[in-house]
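Asker: For reference, the structure I am asking about is given below.
The values are calculated or read from the model by the stated rules, or taken from the named source; none is laboratory data. The structure displayed is predicted, hence computed values, not measured ones. All Cβ positions, even for glycine, are placed from backbone atoms using ideal geometry, and neighbour counts span all protein chains on display.
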Amino acid sequence: MLISFLFVVLPTLFSKDLWGFQEGKSILWVLYLVLLGYFLQRMQVLQKVRFPLMHLMVSASLLVSTIFIMAIVSLQMRNDVSTATRFCVPFSLFAMYYTLSLFISLESRKFLRWTVSTDTIAATLVSNQLAINIPLVPYIISTYYRKAYPDSGGQWLKSMMLYIGLWFGASLALAIGNILIQKTKIFTFVARKLTVGSLADLKNMFLKVVQWFKYKRRLIFTALFFYIFTIIQMFLISEKQLSISVSDTVNAYGFILLKRQAPIFLNVLIIMMFFIFLLIITNKFWHSFILTLVIDLVITISNYLKIALREEPVLPSDLKLLTGINEIIDMVNPIIIFVGIAVIVLLAISSYILERRAKRLYNLKISWKKRGIELTVILLFFSSLFFVNHKNSPSYLFFNLFRVNRYFYNQKLGAQINGPIVQFLNNIDVLVMDEPKDYSEEKVKAIMKKYDKAAETINKDRLDWAENETVIFNLSESFSDPKRVPNLTIDNDPMPYVRQLMKQTTSGLMLSNGYGGGTANMEWGALTSLDISNLSPTLPTPYTQLVEKQFVSPNITNLFDETIAIHPYVATLYNRKNVFEKFGFDTFYYVDGPDELTYQDKIDDNIYISDFSAYNETLDKLKANLDTTQFIQLSTMQNHMPYKDYYQENNFSFSGNAVVRDRHSELNTYMQGMYYTDEAVKYFIQELDKIEKPITFVFYGDHLPSLYSGNNMGKYGLVQHETDYFIYSNRYSRERSKKLNKKIVAPYNFPSLALEQANIKITPFYALMTKLTNDVLASTTDPSASISNNYNGQKIFVTDNNKTLSESDLSSKQKELLHEYRLIQYDLTAGEEYASEWASQSVVNQE
C-alpha cells in the first residue's frame, strides 16, 4: 500500500513524474507492476471484486472525463490544451483504476455469454499496443489529425471517428493475424519450450539459461568486451557536450549511455559478426579476436585524429586516400605512429602465445554444413549493407530498428551518437547519380564544343565585366511568405518591404527540396548550378557525401577575383569548412573561426546572430574591395528554428488550422523575426545603392519553417516547398542591367539569372545554364511525396501557374537540352570529370 501511495497517489496529486517512470517505460515501473500483480494474486484481491464490468465502465468514463475537464482548465489558465492529458499517464490514480478494472474484467474471461481464452486476450492486447505504437501511427496523428476545428465540432467529431475506425480496423486485423500465428506448429513449439507452469519449471529454465551462458561464455565475454570498447570509442570522439540540434545541448556521456544503447548494440553486433566470420574461417579464437581488436583500434584512432583535424569521421570516400599513404603519415605525429605500431606488434605476439597455449580449449568443432550456413548468413548480412539507404530495404529497416540517425548533414555528430562503424556503413550505400545513356568522353566534348559556340553568340549581346563587378548570394534562413500558406490568414504583413521590392525587381518563387531543413542543399545548388533532383535518392546531402569525392568542384567562385563566404554560425554542420575550401573561397567568416566575425549582435533573447549584423559584416567586405571582381556567399541564421518566445515585441497574429494550437506562439515568433529580416533587407538595399560599384544581389529563402503540420503535405506539398526570391541591381549597375521575367526558379538557376540580369559575358558552362534556365521549366524533387529532407524523390517540373509536369510532358527540344545538362552534371559529379576544367573557366579565358 505504501509503495502504491508513493508511486501512484503522489504523482497524481503533484502532477510530476517523481520517480522517473518515463510515461511507464522505465524498469522501475515495470518491476512495480510485477510486484503489484504478485500481491493481488497472493492476497486474492481480484477474486473479491464484484461487478468488474461496471468498474471498467466507470473507470473508463472517469479517465476520458479528465481529458475534457483538464482541457477546459488548461484553456482558461494557459490558453492552450498542453495539460489536457495530465491524468492519462500510466502512473496516475485514474489510469491505474482503469488498468486494474480492465485486468479484473479480462481475468474473468467471460464477456456476456462467451468465454474467451487467455491466448485470445493476450493476442488482442498485444495487437492493440502494436496498432497504437507502431511509428506510422504517431506520424499520421501529427501530420493529418492534429488539427484545430474551432468553428466545426462536427468536422472534429468526423475526423476523430475516422481515425478511431482506422485504428480499430488495424487492431482487429493484427489480432486476427496474431491468433492465426498462435495456431502454427512453430509457435506452439516455441511456446511449449518457454511456458512456465510452476516454480520447478522456472528453476529448470533458469538452469538451462545458465548452462547456455556457460557454454557460450567466451562469445559472451567477447561481446561484453567490445560493448565496453564501443562505449569508450564513442566517448573518445565526443566532446563533453553534444549539440544534438541547433538548440539542444546535452552531456555526451549521459546521452550516449542512456539514450544510445540501441546503436551501441548494433555496433557490437556488426563487430561480433565480423569476429565470428574470422573464427569460422580460421578456427582460431585468439587470432580472430586480436585481428578484430586491431581493426577496431585503427578505426578508433583514425576517427579520433580525423575529427580533431577535419571535424568529420572516417568515411568510405577516405579509402581512396590510402593510395597517398605517405602524405597521410606525414600529417600524423610520429609518436602516435610509433605507439600504434608497437601496440599492433604486441597484440600480434600475444595472439600467437595465447593461441598456442589455448589451442585445445578454444578449438571449434563445427560441421562444414553448419559453417556453410553461418558464413552464408554473415555474408548476406554484410552484403545487405550496400543497400542500407534504400528505403524499405531489409538493411534500412534493420538500422531503423536500432534507432540509427542518418545524420548526413552532420557526419561528426552521426559518428558520435551512432558509433563510427555504423556511421561509416551509413555512407557506403551512396550512388551519386544514374549514368545517362550514351555517356562518353566524345559525347561530353561534343556538348562542350556546342556551348563554346553558344557562349560566343550570347556574349555578342552582353557587356564586358566591370573591373569591380560584384555578385552577392544571400540565403535567408527559413524566409518564406506565410500569406501563401493554405488554411492560414495573417492579420499583419511581416514582409512589407520585400513584398513591394519584389514587384519592382526580378522575383518569384524558388522551388525548395526541403521543408524545415536542408539548407545546405539549396546553397549547393545555387553555388554549383547543379540540380539535386538529378542525384540518386541515396545522396541527400551533397556537401557531406559528394563534394570531397570530386577532384574538381566547379562553381560560381571560379568567375571572380575575390570570393568570401559569411555564415554567422558554427561551421561544423554540413562540413562547410572543407566544402568552401574545396570550392575555392578565399575567406570564410563564421563563429569561432580563424577569420572572426566583426558583428555578432542578437535581437532580444534570440540565440542566433541577427540579420542586421550579417548585413553589416557583408557591407564591410564590400567596401573593403572596390577594385576587383568579388563574390560573396551570405547565409543568415536569425530565423532558424526553434521559435521560442525570443522577442519583447510581438505584433503579428493569425487564424486558421494550418498550425496546430500548441505551436501558435512559434508562428508568432517566426513572423516577428521575418519582420526584423524585412527591415534588415531594406537597410541593406539602401546601403548597396551607396557603394560605387556594380552589385547584383540574389536573395532567397531556403525552405519553409516546419510549423504548418496542420496541412496535409500530400495536398499542399508544392506550395509548402516554395520560398520567395528576388534579384536586385544596385544604383551603379541599374542602367546596364535588365529585369527578367522568371516566376518559378530552382537554386541551380541563380548563377545564370544573376549573370543575365547583370548583362555581362559568360563562359560556355553558363551558356548551357542560361539555355536550360530560359528554355526548360525549373525542376525539383516531388514535394508531395514526403516531408522528409533525407531522400531525393521523383523529379517534377513546375510551370509559372504552379502546375506540375513530368519529364514525359516536355517537348523534344527541352528533353534534348535536359539530357545534355544531365550528361554534364553526371560527368562533374559521378563520371570521369572530362568537363571539370571547362566548367571551371573564368570569363577572362573567353575574351
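Asker: Name the single residue that is modelled with the lowest pLDDT among those in the stretch 212-257 being hydrophobic (A, V, I, L, M, F, W, C) and in contact with a strand residue (DSSP E or B) (Cβ under 7 Å, 6 or more places away or on another chain).
Answerer: So in the stretch 212-257, the residues hydrophobic (A, V, I, L, M, F, W, C) come out as 212-213, 219-221, 223-226, 228-229, 231-232, 234-237, 242, 244, 246, 250, 252, 255-257.
Next cut, in contact with a strand residue (DSSP E or B) (Cβ under 7 Å, 6 or more places away or on another chain) only: 242, 244, 250, 252, 255.
Numbers: Leu242: 85, Ile244: 74, Val250: 86, Ala252: 89, Phe255: 89.
My answer is Ile244.
Asker: Now for a separate question. Within the group Leu509, Leu488, which residue is in contact (Cβ under 8 Å) with a residue 12 or more places away in the chain, closer than 30 Å to Asn558 by Cβ and in the same structural domain as Thr541 (by TED's automatic domain parsing)?
Answerer: None of the other options fit; the residue is Leu509.
Asker: A further question on this structure: Where in the stretch 377-428 are the helices (runs of 4 or more DSSP H), entirely inside, with at least 2 residues that are assigned by TED's automatic domain parsing to the domain that holds Ala252 and among the aromatic types (Phe, Trp, Tyr)?
Answerer: Details: elements: 394-401, 411-418, 420-426.
Once the helices (runs of 4 or more DSSP H) in the stretch 377-428 are filtered for at least 2 residues that are assigned by TED's automatic domain parsing to the domain that holds Ala252 and among the aromatic types (Phe, Trp, Tyr), what remains is 394-401.
Asker: Sticking with this structure for a sec: Which of the helices (runs of 4 or more DSSP H) found entirely inside the stretch 258-360 contain at least 2 residues meeting this: at pLDDT 85 or above and touching a Gly at 6+ places or on another chain (Cβ under 6 Å)?
Answerer: Values: elements: 261-282, 285-310, 325-331, 334-357.
Helices (runs of 4 or more DSSP H) meeting the threshold: 261-282.
Asker: Being out of contact with any strand residue (DSSP E or B) (no Cβ under 8 Å at 6 or more places or on another chain) and not assigned by TED's automatic domain parsing to the domain that holds Leu315 narrows it down to one residue among Phe551, Phe560; which is it? It would help to see each step written out before you state the result.
Answerer: Details: Phe560 fails: out of contact with any strand residue (DSSP E or B) (no Cβ under 8 Å at 6 or more places or on another chain).
The conditions single out Phe551.
Asker: Okay, moving on. For the list (1) touching a strand residue (DSSP E or B) at 6+ places or on another chain (Cβ under 6 Å); (2) modelled with pLDDT under 90, I need the number of the one condition that Asp662 fails.
Answerer: With respect to (1) touching a strand residue (DSSP E or B) at 6+ places or on another chain (Cβ under 6 Å); (2) modelled with pLDDT under 90, Asp662 is out only on (1).
Asker: Scan the stretch 543-555 and report the pairs whose first residue is under 22 Å from Asp429 (Cβ atoms) and touching a residue at least 12 places away in the same chain (Cβ under 8 Å) and whose second residue is among the hydroxyl-bearing types (Ser, Thr, Tyr) and not in a helix (DSSP H, G or I), with Cβ atoms within less than 7 Å and a gap of 6+ or a chain change.
Answerer: These pairs meet every condition: Thr544/Tyr409; Val547/Ser553.
Asker: Sticking with this structure for a sec: Name the single residue, out of those in the stretch 1-36 being modelled with pLDDT under 75 and among the small types (Gly, Ala, Ser), that is surrounded by the fewest Cβ atoms within 10 Å (Cβ to Cβ).
Answerer: Gly20
Asker: Of the numbered conditions (1) under 25 Å from Ile281 (Cα atoms); (2) at pLDDT 75 or above; (3) of a type outside the set (Phe, Trp, Tyr); (4) more than 29 Å from the chain's Cα centre (by Cα), Lys365 satisfies every one except a single condition; which is it?
Answerer: If we test Lys365 against (1) under 25 Å from Ile281 (Cα atoms); (2) at pLDDT 75 or above; (3) of a type outside the set (Phe, Trp, Tyr); (4) more than 29 Å from the chain's Cα centre (by Cα), just (2) comes out false.
Asker: For the stretch 427-475, give me each residue that is under 32 Å from the mean Cα position of the chain (by Cα), among the aliphatic types (A, V, I, L, M) and over 30 Å from Tyr700 (Cα atoms).
Answerer: Ile428
Asker: Determine if the stretch 620-628 includes at least one residue that is polar (S, T, N, Q) and in contact with a helix residue (DSSP H, G or I) (Cβ under 6 Å, 6 or more places away or on another chain).
Answerer: no
Asker: Which pairs have Cβ atoms under 7 Å, sit 6 or more apart or on different chains, and link a residue in the stretch 170-191 that is among the small types (Gly, Ala, Ser) to one that is in a helix (DSSP H, G or I)?
Answerer: Filtered contacts from the stretch 170-191: Ala170/Ala131; Ser171/Ser127; Ser171/Asn128; Ser171/Ala131; Ala175/Ala123; Ala175/Thr124; Ala175/Ser127.
Asker: Of all residues being outside any loop (DSSP other than H, G, I, E, B) and of a type in the set (Asp, Glu) in the stretch 609-640, which is farthest from Glu469 (Cα to Cα)? Just the residue, please.
Answerer: This residue is Asp611.
Asker: Right, another one. Given the criterion touching a residue at least 12 places away in the same chain (Cβ under 8 Å) and either closer than 25 Å to Ser655 by Cα or part of a strand (DSSP E or B) (or both), identify the matching residue among Val498, Val444.
Answerer: Every option except Val498 fails the conditions.
Asker: Touching a residue at least 12 places away in the same chain (Cβ under 8 Å), outside any loop (DSSP other than H, G, I, E, B), of a type outside the set (Lys, Arg) and surrounded by fewer than 23 Cβ atoms within 10 Å (Cβ to Cβ): is that true of Asn558 in this structure?
Answerer: yes
Asker: Further question on the same structure: I'm told Tyr643 meets every condition in (1) part of a loop (DSSP other than H, G, I, E, B); (2) out of contact with any Ser or Thr (no Cβ under 6 Å at 6 or more places or on another chain) except one. Can you identify the failing condition by its number?
Answerer: (2)
Asker: Let me ask you something else. Could you grab me the full set of residues in the stretch 691-734 that are over 35 Å from the mean Cα position of the chain (by Cα) and touching a residue at least 12 places away in the same chain (Cβ under 8 Å)?
Answerer: Ile691, Glu692, Lys693, Pro694, Ile695, Ser729, Asn730, Arg731, Tyr732, Ser733
Asker: Right, next: Looking only at the stretch 204-242, filter to residues that are of a type in the set (S, T, N, Q) and surrounded by 11 or more Cβ atoms within 10 Å (Cβ to Cβ); which one of those is farthest from Val298 (Cα to Cα)?
Answerer: Of everything passing the filter in the stretch 204-242, Asn204 is farthest from Val298 (Cα to Cα).
Asker: Leu527: in contact with a strand residue (DSSP E or B) (Cβ under 9 Å, 6 or more places away or on another chain), under 20 Å from Ser729 (Cβ atoms) and either hydrophobic (A, V, I, L, M, F, W, C) or in a loop (DSSP other than H, G, I, E, B) (or both), yes or no?
Answerer: Values: in contact with a strand residue (DSSP E or B) (Cβ under 9 Å, 6 or more places away or on another chain): yes; under 20 Å from Ser729 (Cβ atoms): no; either hydrophobic (A, V, I, L, M, F, W, C) or in a loop (DSSP other than H, G, I, E, B) (or both): yes.
No, not satisfied.
Asker: Quick test of your reading of the structure: Ser737 fulfils all but one of (1) at pLDDT below 95; (2) under 31 Å from the mean Cα position of the chain (by Cα). Name the failing condition by number.
Answerer: Unmet for Ser737, out of (1) at pLDDT below 95; (2) under 31 Å from the mean Cα position of the chain (by Cα): (2).
Asker: Let me ask something additional. Out of the residues in the stretch 181-203 meeting the condition of being at pLDDT below 75, of a type in the set (A, V, I, L, M, F, W, C) and closer than 16 Å to Ala122 by Cβ, tell me which one is surrounded by the fewest Cβ atoms within 10 Å (Cβ to Cβ).
Answerer: This residue is Leu194.
Asker: On to the next question. Within the stretch 793-819, take every residue that is of a type outside the set (Val, Ile, Thr) and surrounded by 20 or more Cβ atoms within 10 Å (Cβ to Cβ) and give me the one that is farthest from Ile447 (Cα to Cα).
Answerer: Top of the filtered list is Phe797.
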